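What follows is one structure encoded as structure tokens, with my remarks underneath.
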Amino acid sequence: MATDHLQDPVLRGLRVEDLFDLLARSGLHFDQARETGVVFHMMSALTTFGRVGMTAISETPESAQALYDTAEQALLAEAREAARPPALPL
């Protein structure tokens, strides 16, 4: 499952390094031994346009779709969290 046009204005708040951090923390990164995982591409459009490409690879089309959906949700949640202003001390 792949796209070269995952776009949302909230993604502009992320850096390319944030993508790699997210994949590592979430365990969604492409693992060559298992031959499954997510790979981001077209990352140069991230901060300017809020757009990135993403490919999810898995054993079946259904599991690749599930992996893609999980990665998309995690990416958007990460971007929303990064966009949230820090809490003010009470």
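Where both bridge residues fall in the chain, DSSP classifies roughly 90% of the beta bridges as antiparallel. Set Lys and Arg Cβ to +1 and Asp and Glu Cβ to -1, take the dipole of segment 33-90 about its Cα centre, and tell me which of Ala64, Ala79, Val39 lies farthest positive. The residue sitting farthest along the positive end of the dipole is Ala79.
With respect to the chain, whose longest principal axis is taken over its alpha-carbon atoms, helix 16-26 is tilted by about 60°. Divided by 2.2 N^0.38 Å, where N counts the residues, the Cα radius of gyration of the chain comes to 1.13.
Where a number appears in this text, it was derived from the coordinates with a stated rule and is not lab data. Quick caveat: nothing in here was measured; it's all calculated off a predicted structure. Note: ideal-geometry Cβ built from the backbone for every residue, glycine included; neighbour counts use all protein chains shown.
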